1. I want to confirm something. Restricting to the range 54-72 and keeping residues that are touching a helix residue (DSSP H, G or I) at 6+ places or on another chain (Cβ under 7 Å) and open to solvent by less than 10 Å² (accessible area, probe 1.4 Å), which single residue is farthest from residue 28 (Cα to Cα)?
2. Does the range 73-81 contain at least one residue that is more than 27 Å from residue 125 (Cβ to Cβ), under 19 Å from the mean Cα position of the chain (by Cα), of a type in the set (D, E, K, R) and surrounded by fewer than 21 Cβ atoms within 10 Å (Cβ to Cβ)?
3. Taking the condition more than 26 Å from residue 136 (Cα to Cα) and either open to solvent by less than 70 Å² (accessible area, probe 1.4 Å) or modelled with pLDDT of 95 or more (or both), does residue 51 pass?
4. Does at least one position in the range 25-37 carry a residue that is touching a His at 6+ places or on another chain (Cβ under 8 Å) and either assigned to a helix (DSSP H, G or I) or hydrophobic (A, V, I, L, M, F, W, C) (or both)?
5. Could you tell me whether the range 89-99 includes any residue that is at pLDDT below 90 and buried (at least 17 other Cβ atoms within 10 Å of the Cβ)?
6. Going through the range 101-116 one residue at a time, which ones are modelled with pLDDT under 85 and surrounded by fewer than 13 Cβ atoms within 10 Å (Cβ to Cβ)?
7. Which residues, counting only those in the range 45-94, are touching a Ser or Thr at 6+ places or on another chain (Cβ under 8 Å), part of a loop (DSSP other than H, G, I, E, B) and closer than 20 Å to residue 129 by Cβ?
8. For the range 60-88, give me the residue count where each residue is among the aromatic types (Phe, Trp, Tyr) and modelled with pLDDT under 90.
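The values are calculated or read from the model by the stated rules, or taken from the named source; none is laboratory data. Note that the coordinates shown come from a computational prediction; the quantities given were computed from them, not determined experimentally. Cβ sites come from the backbone with ideal geometry, for glycine too, and all protein chains shown count toward neighbours. For the accessible areas, the whole protein counts, side chains as well, though only heavy atoms, and no ligand, DNA or RNA atoms are used. Shrake-Rupley method; radii C 1.70, N 1.55, O 1.52, S 1.80 Å.
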Amino acid sequence: MSDTTVRIEPTPNPRTLKFVTNRELLPAGGRDFPTAEAGSASPLARRLFGLDGVEGVYIGTDFVTATRSDAADWAVLAPQVSEALLRHLVAGEPVLGDAGVQQHAGATDDVSRRIQDVLDEYIRPAVAQDGGDVIFDSYEDGVVRLHLQGSCSGCPSSIMTLKMGIQNLLREQVPEVREVVQAN
């Protein structure tokens, strides 16, 4: 396990960094821990929330995004997050424990299934490159509701991502879609 590495990458969200490892953290999907309380379900998230200044954690297949508080400085916090992640992995400690992998909402109708297919094939992999995820919430009367997670949550450009990127692609691939909005 001494060959475990962690590489830090920027994200479009200035308050979030992506910590990429050469190890599989989750077999698929991701898990969002927007608060320390939510993070109690994951030994890795608990470790990261134990660092002063970590305000949010998202765990993907081979990366973690950490969101810092406004008062924290990445120059100080980033090496601490990287070291905590590395120590956790080298020690062989569990990532989620009994928390399980977060699954997207089940698509129950044809339009929702086609939306989910586009999300899974095109959008989620692209968003994961920036350290985030997009989770399908619902489709009703032409409106798609999505949850933005990881670096996408609270990102200044998240509305642009929803409206210009995701909405345009979904409208092109699934003509029934009129609008994409962020779910609460």
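1. Step one: of the range 54-72, the residues touching a helix residue (DSSP H, G or I) at 6+ places or on another chain (Cβ under 7 Å) are 54, 57, 59-60, 64, 66, 68.
In the following step, the residues that additionally are open to solvent by less than 10 Å² (accessible area, probe 1.4 Å) were identified as 57, 59-60, 64, 66.
Values: 57: 17, 59: 10, 60: 8, 64: 13, 66: 19 Å.
Filtering the range 54-72 for residues that are touching a helix residue (DSSP H, G or I) at 6+ places or on another chain (Cβ under 7 Å) and open to solvent by less than 10 Å² (accessible area, probe 1.4 Å), the one farthest from residue 28 (Cα to Cα) comes out as 66.
2. no
3. Details: more than 26 Å from residue 136 (Cα to Cα): yes; either open to solvent by less than 70 Å² (accessible area, probe 1.4 Å) or modelled with pLDDT of 95 or more (or both): yes.
Yes, satisfied.
4. Scanning the range 25-37 turns up no residue that is touching a His at 6+ places or on another chain (Cβ under 8 Å) and either assigned to a helix (DSSP H, G or I) or hydrophobic (A, V, I, L, M, F, W, C) (or both).
5. yes
6. Within the range 101-116, 103, 106, 108, 109 meet the criteria.
7. 62
8. Taking the range 60-88 as the starting set, the residues that turn out to be among the aromatic types (Phe, Trp, Tyr) are 63, 74.
From what is left, the residues that are modelled with pLDDT under 90 are none.
Number satisfying all stated conditions: 0.
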